[in-house]
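Enquirer: Take a look at the following structure, please.
The values are calculated or read from the model by the stated rules, or taken from the named source; none is laboratory data. Values in this document were obtained by computation on a predicted structure and should not be read as measured data. Note that we place each Cβ from the backbone using ideal geometry, even for glycine, and neighbour counts take in every protein chain shown. In case anyone asks, the SASA skips ligands and DNA or RNA and just uses the protein heavy atoms, side chains included. Shrake-Rupley method; radii C 1.70, N 1.55, O 1.52, S 1.80 Å.
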Amino acid sequence: MAGEESIHRTPGTLTEEQAGRMLADMNEIIRAGEEMRKLRAEMIKLFIGFGWTQDRIARLAAMSQPAVSKQMAKYRPADDPTPPMELSLDQYDTPWLEGRLWALAEEISETLSDTARCTRHVNAVARGKKRFTPENVDELRRLVEEDLRLHRATLPVGYRDVYDRVSRGLDIPSKPTATTSATTIAGAATVSASVRRTLAHRIQRDRLRGDA
């Protein structure tokens, strides 16, 4: 269906491809412990809020039907009247911006391979060795900026544009305005920082690759 093909045409939804990639990444490091299991449970709650079926979620999460059924029993849509969160890339709360920075760093690391200054940091995040503390985020920003400066001729111009937007947002946190949608405000308030960071990371990576 057209509504499942593009997040641009139907804000508040994900494509199956995006959800599958997010869940596949989580499955790869689920052994990291309870934190990742909790994040996966929160993502499933989000998918339930989108109205996705049990079969669909079980297939994408590589989980058993009974396990998903148990999650769905916990998170009935009627228990949470909040509308599905908006997935526009241009949101400016800190976890969302951190997710975009994380995605950009991963793309730079993969593009430049061993020559990227940010690679070690990116690998530490992937292994759960580094968390998104203010100090670690500042360090990642510095490393990404170095890579963008040192490899200006190699990296796409769009990478610098993304970094500038994210960096400005982190320096000057925005406040909701009269034009900020109720869905955006509700999503930022009711969805955990980990979920928002993960969503922004996935959407930004797909945008940089031209997949979204």
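Enquirer: Residue check, Glu139 against (1) more than 27 Å from Glu35 (Cβ to Cβ); (2) in a helix (DSSP H, G or I); (3) among the acidic types (Asp, Glu), all met but one. Which one?
Expert: Going through the list (1) more than 27 Å from Glu35 (Cβ to Cβ); (2) in a helix (DSSP H, G or I); (3) among the acidic types (Asp, Glu), Glu139 breaks only (1).
Enquirer: A further question follows. Please tell me if Ala189 is within 17 Å of the chain's Cα centre (by Cα), modelled with pLDDT under 95 and of a type in the set (Gly, Ala, Ser).
Expert: Yes: the conditions hold for Ala189.
Enquirer: What number of residues within the stretch 44-65 are touching a helix residue (DSSP H, G or I) at 6+ places or on another chain (Cβ under 9 Å) and surrounded by fewer than 13 Cβ atoms within 10 Å (Cβ to Cβ)?
Expert: Result for the stretch 44-65: 5.
Enquirer: Just the residues that are open to solvent by less than 40 Å² (accessible area, probe 1.4 Å) and among the acidic types (Asp, Glu), please, taken from the stretch 103-155.
Expert: Glu106, Glu107, Glu146, Asp147
Enquirer: Would the stretch 20-43 turn up any residue that is closer than 27 Å to Ser167 by Cβ, surrounded by fewer than 19 Cβ atoms within 10 Å (Cβ to Cβ), at pLDDT 80 or above and not hydrophobic (A, V, I, L, M, F, W, C)?
Expert: Taking every residue of the stretch 20-43 in turn, at least one turns out to be closer than 27 Å to Ser167 by Cβ, surrounded by fewer than 19 Cβ atoms within 10 Å (Cβ to Cβ), at pLDDT 80 or above and not hydrophobic (A, V, I, L, M, F, W, C).
Enquirer: Let me ask something else about it. As an exercise: evaluate Pro84 against (1) closer than 20 Å to Arg205 by Cα; (2) of a type outside the set (Asp, Glu); (3) at pLDDT below 85 and give the number of the one condition it does not meet.
Expert: In the conditions (1) closer than 20 Å to Arg205 by Cα; (2) of a type outside the set (Asp, Glu); (3) at pLDDT below 85, Pro84 misses (1) alone.
Enquirer: For residues that are in contact with a Leu (Cβ under 8 Å, 6 or more places away or on another chain) and not small (Gly, Ala, Ser), tally how many sit in the stretch 48-70.
Expert: Qualifying residue count for the region: 2.
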